[in-house]
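Right, one structure below, let's go through it.
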Amino acid sequence: MSHVRRAATELGSDKWVKPWSGSNAGNCVEAKPLGDGRVAMRQSTDPDGPALIYMRGEIAAFIEGAKDGKADFLLS
(Lines give C-alpha, C1' and ligand atoms only; values in the text may rest on other atoms or scores of the structure.)
Protein backbone atom coordinates (compact mmCIF):
# COMPACT_ATOMS: atom_id res chain seq x y z
CA MET A 1 0.00 0.00 0.00
CA SER A 2 1.11 3.50 -0.71
CA HIS A 3 -0.31 6.45 1.11
CA VAL A 4 -0.28 10.19 1.41
CA ARG A 5 0.13 11.80 4.81
CA ARG A 6 -1.79 14.97 5.72
CA ALA A 7 -2.79 16.72 8.90
CA ALA A 8 -6.18 15.32 9.90
CA THR A 9 -7.31 18.85 10.74
CA GLU A 10 -7.09 19.70 7.02
CA LEU A 11 -9.80 17.11 6.35
CA GLY A 12 -12.40 18.57 8.72
CA SER A 13 -13.87 17.14 11.89
CA ASP A 14 -17.11 15.69 10.47
CA LYS A 15 -17.85 12.25 9.01
CA TRP A 16 -15.03 10.37 10.79
CA VAL A 17 -16.25 6.86 11.71
CA LYS A 18 -14.82 4.27 14.12
CA PRO A 19 -15.66 1.08 12.20
CA TRP A 20 -13.32 -1.05 14.29
CA SER A 21 -14.11 0.26 17.77
CA GLY A 22 -14.84 -2.22 20.47
CA SER A 23 -13.56 -2.96 23.92
CA ASN A 24 -10.20 -1.29 23.35
CA ALA A 25 -10.70 1.67 25.72
CA GLY A 26 -11.22 4.20 22.91
CA ASN A 27 -7.98 3.46 21.07
CA CYS A 28 -9.53 3.17 17.63
CA VAL A 29 -8.71 3.80 14.03
CA GLU A 30 -11.12 6.25 12.46
CA ALA A 31 -11.88 6.31 8.74
CA LYS A 32 -13.38 8.97 6.52
CA PRO A 33 -14.37 8.61 2.86
CA LEU A 34 -13.13 11.56 0.82
CA GLY A 35 -15.01 13.12 -2.07
CA ASP A 36 -12.52 11.86 -4.64
CA GLY A 37 -12.94 8.19 -3.67
CA ARG A 38 -9.91 7.93 -1.41
CA VAL A 39 -10.13 6.98 2.28
CA ALA A 40 -8.44 8.83 5.14
CA MET A 41 -7.49 7.05 8.36
CA ARG A 42 -6.37 8.53 11.68
CA GLN A 43 -5.86 7.50 15.30
CA SER A 44 -8.91 8.43 17.40
CA THR A 45 -6.78 9.43 20.37
CA ASP A 46 -4.95 11.99 18.19
CA PRO A 47 -7.65 13.63 16.03
CA ASP A 48 -5.42 16.63 15.33
CA GLY A 49 -2.48 14.46 14.31
CA PRO A 50 -1.66 12.90 10.96
CA ALA A 51 -4.08 11.13 8.66
CA LEU A 52 -3.00 8.55 6.13
CA ILE A 53 -4.89 8.69 2.84
CA TYR A 54 -5.29 5.54 0.74
CA MET A 55 -6.78 4.86 -2.65
CA ARG A 56 -10.11 3.01 -2.55
CA GLY A 57 -8.56 -0.05 -4.20
CA GLU A 58 -5.85 -0.22 -1.54
CA ILE A 59 -8.43 -0.22 1.25
CA ALA A 60 -10.49 -2.84 -0.57
CA ALA A 61 -7.42 -5.08 -1.00
CA PHE A 62 -6.54 -4.74 2.69
CA ILE A 63 -10.07 -5.56 3.85
CA GLU A 64 -10.37 -8.54 1.51
CA GLY A 65 -6.96 -9.82 2.60
CA ALA A 66 -7.91 -9.46 6.27
CA LYS A 67 -11.15 -11.36 5.63
CA ASP A 68 -9.12 -14.13 3.99
CA GLY A 69 -6.87 -14.39 7.07
CA LYS A 70 -3.80 -12.81 5.49
CA ALA A 71 -3.40 -10.40 8.43
CA ASP A 72 -3.83 -13.02 11.16
CA PHE A 73 -0.08 -13.04 11.76
CA LEU A 74 -0.46 -9.56 13.28
CA LEU A 75 -2.40 -11.10 16.17
CA SER A 76 0.04 -13.87 17.08
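The values are calculated or read from the model by the stated rules, or taken from the named source; none is laboratory data. These numbers come from a predicted model, not from an experiment. Methodologically, a virtual Cβ is constructed for each residue, glycine included, from the backbone with ideal geometry; neighbour enumeration extends over all protein chains shown.
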Exercise. Would you mind telling me which numbered condition in (1) modelled with pLDDT under 95; (2) of a type in the set (A, V, I, L, M, F, W, C); (3) within 15 Å of residue 59 (Cβ to Cβ) residue 40 fails?
Key: (1)
Self-check item: Inter-residue pairs, beta-carbon under 7 Å, first of a type outside the set (S, T, N, Q) and in the range 7-20, second not in a strand (DSSP E or B), 6+ apart
Solution: 8/47; 8/48; 8/49; 18/28; 18/44; 20/28
Self-check item: Residues satisfying the stated conditions in the range 43-59, i.e. at pLDDT 90 or above and within 22 Å of residue 71 (Cα to Cα)
Solution: 43, 51, 52, 53, 54, 55, 56, 57, 58, 59
